[in-house]
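Below is one structure, written out as structure tokens; the observations come after it.
Nothing in this text is a laboratory measurement; each read-out follows from the coordinates by a stated rule. Just so you know, these numbers come straight off a predicted model, no measurement behind them. Backbone-built Cβ (ideal geometry, glycine too); neighbour counts: all protein chains shown.
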Amino acid sequence: MAHLCRKGKGKNLKILDGVLLAEQIKDEIKGEISRDSLIVGLAVVLVGDDQASRIYVNHKKKDCEECGIASYEYTLPESATQEEVITLIKQLNSDEKINGILIQQPFPKHIDVTAVNESVSPLKDVDAFRADTVGKIAVGDYGFLPCTPAGVMELIHSTGVSVSGKECVVVGRSNIVGKPMALMLLNESATVTICHSRTRDLGEVTRRADILVSAVGKARLITADMVKEGAIVIDVGMNRDNSNGGKLCGDVDYAGVAPKASFITPVPGGVGPMTRALLMKNTLTAKRLQS
Ligand code: NDP
């Protein structure tokens, strides 16, 4: 799969192109939908008028168009109650044209995220945010894969390097990224360490990693001295770099780390597009599960 990597400036560095790989996945989905004449629908629920959420929702609608999936947007006002949000989700759960339900987060503060996530039918949980969907990963039962860690696994697979037996370090332990990420690496027989804000000496742990995944949300947290020579470095973080005009950046100090890495994901253009492609894949899986 070397064609999905670009050569970087380091001696043997390859940049993992998430845009290209995502396009390939979306093409496959489009082909499958067209070949089997499927009618697939994704509901996107937005509560309030958060500008960043609006941009993400528009990107997802465009992805749907590219894959031949019908997208249906449901926007509730910022003042919507939790009960109103859950009532809408219950309607979508029983709506046959809707195969997957995506609830764009963050929510207004008065809404309990967990209660809303849990109200999505397990057959339509394409974001894989329900506790039982995430829990099943622990026993190797993949119905819906959490989109971001699943996208990271695809990027790692595209390097051609086997995960089995590798030292993998995941920085971050959130329920939507860090924890499922660690489980998915473990399921492929990696030796996995999870780091978080209480980890005593982060660099001492990350330097052991053959494969390092950072999912924290802090610009330049991972510097060159924290990375082993030849490591695969996957940067999930999405931050605004205030010292650089608010430009989008990851957790990894790219300029410093890239010369040491064998493969690295850029931000933007790495994990982000893959997360969106995997949402499309889950929506197609939902259609198959419901048929
Ligand atoms: P959370 O805020 O839920 O989790 C962040 C994690 O980082 C926590 O486990 C926290 O530890 C840990 N952490 C915080 N500070 C440090 C530190 N100094 N050293 C080590 N660990 C630390 O974030 P998410 O998991 O939701 O997202 C992480 C990042 O990934 C964000 O930048 C987000 O925007 C991005 N993201 C990108 C996606 C994409 O598609 N590219 C998709 C989803 C997220 P503790 O648990 O102890 O508090």
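Please identify which residues in the range 57-99 have an amide N closer than 20 Å to a label point set 7 Å out from the Cα of residue 39, following the Cα→Cβ vector. Backbone N within reach: 64-74, 91-99. Amide hydrogen proximity for residue 71: with H placed 1.01 Å from N in the peptide plane, the residues at 5 or more positions away or on another chain lying under 5 Å are 42. The charge dipole of the range 9-147, taken about its Cα centre with unit charges on the Cβ atoms of Lys, Arg (+1), Asp and Glu (-1) only, comes to about 540 debye. Using the Cα centre as the reference, give the magnitude of the dipole from point charges on the C-beta atoms of the chain (Lys, Arg: +1; Asp, Glu: -1; all else neutral), rounded to the nearest 20 debye. About 820 debye. Restricting attention to the range 211-291, close to 30% of DSSP beta bridges with both partner residues there are antiparallel. Where the alpha-carbon atoms of the range 1-111 are placed on the principal axes, they occupy 56, 37, 15 Å, in descending order.
Cβ-Cβ distance of residue 51 and residue 72, R₀ of 22 Å, FRET efficiency by 1/(1 + (r/R0)^6): the value works out to about 0.55.
For residue 62, the aspartates and glutamates whose Cα comes closer than 13 Å to its Cα, not counting residues fewer than 8 places off in the same chain, are 23, 73. With a cut-off of 18 Å on the backbone N, the residues of the range 72-89 near the modelled label site 7 Å out from residue 118 along Cα-Cβ are 82-89.
Each pair of Cα atoms in the range 63-154 enters the Kirkwood radius, and Stokes-Einstein at 10 °C and 1.306 mPa s then converts it into a translational diffusion coefficient of 110 µm²/s. Derived scalar couplings between HN and Hα for the range 160-177 equal x, 8, 6, 6, 3, x, 6, 7, 10, 10, 10, 9, x, 10, 6, 5, 9, 10 Hz in order, rounded to whole Hz, by the Karplus curve 6.51 cos²θ - 1.76 cosθ + 1.60 (θ = phi - 60°), x for Gly and Pro.
Just list whichever of 61/90; 14/247; 166/247; 179/247; 124/218; 26/287 have alpha carbons separated by over 25 Å in the model shown.
Details: 61/90 22 Å; 14/247 23 Å; 166/247 33 Å; 179/247 28 Å; 124/218 32 Å; 26/287 16 Å.
As for pairs spanning more than 25 Å Cα to Cα, those are 166/247; 179/247; 124/218.
At q = 0.12, 0.13, 0.20 Å⁻¹, what is the log10 ratio I(q)/I(0) for the range 141-291, with the Debye formula run over Cα points and no solvent? Taking Cα atoms of the range 141-291 as identical point scatterers yields -0.47, -0.55, -1.26. For the range 38-54, the Karplus equation 6.51 cos²θ - 1.76 cosθ + 1.60, evaluated at θ = phi - 60°, returns couplings of 8, 10, 10, x, 10, 8, 10, 9, 10, 10, x, 10, 4, 4, 5, 4, 4 Hz by residue, with Gly and Pro reported as x. Amide H contacts under 5 Å for residue 126: 101, restricted to partners 5 or more places along the chain or on a different chain, H placed in the peptide plane at 1.01 Å from N.
Using 0.36 nm per residue and subtracting the Cα-Cα separation, the extra length available between residue 197 and residue 290 on full extension is 29.5 nm. Entry for the range 126-177 at q = 0.14, 0.19, 0.31 Å⁻¹: log10 I(q)/I(0) = -0.41, -0.74, -1.25, Debye formula applied to identical alpha-carbon scatterers, no solvent contribution.
Most simply put, the chain has about 15% antiparallel DSSP beta bridges, counting only bridges with both residues inside it.
Across the range 229-242, computed HN-Hα scalar couplings (Karplus, 6.51 cos²θ - 1.76 cosθ + 1.60, θ = phi - 60°) run 4, x, 5, 8, 10, 10, 10, 8, x, 9, 10, 9, 8, 5 Hz from first to last residue, x flagging Gly and Pro. Counting only Cα atoms, the size of the chain along its three principal axes is 53, 44, 40 Å, in decreasing order. Ordering 197, 165, 129 by Cα displacement along the dipole of the range 120-222 toward the positive end leaves 197 in first place; charges were set at the Cβ atoms of Lys, Arg (+1) and Asp, Glu (-1). When the chain is described by a simple charge dipole with +1 on each Lys and Arg Cβ and -1 on each Asp and Glu Cβ, the residue from 99, 259, 18 located farthest towards its positive end is 259.
With the helix formula -39500 (n - 2.57) applied to DSSP H stretches of n ≥ 4, the chain reaches a computed 222 nm mean residue ellipticity of -11500 deg cm²/dmol.
The modelled label-to-label distance between residue 255 and residue 6, using points 7 Å beyond Cα along the C-beta direction, is 1.8 nm.
A crude spin-label estimate for the pair residue 161 and residue 62, with each label 7 Å from Cα along the Cβ direction, gives 3.1 nm.
Using a Förster distance of 25 angstrom, determine the FRET efficiency expected from the C-beta separation of residue 79 and residue 247, and round it to 0.05. Numbers along the way, then the final one.
On the way: r = 34 Å, r/R0 = 1.36.
Calculated value: 0.15.
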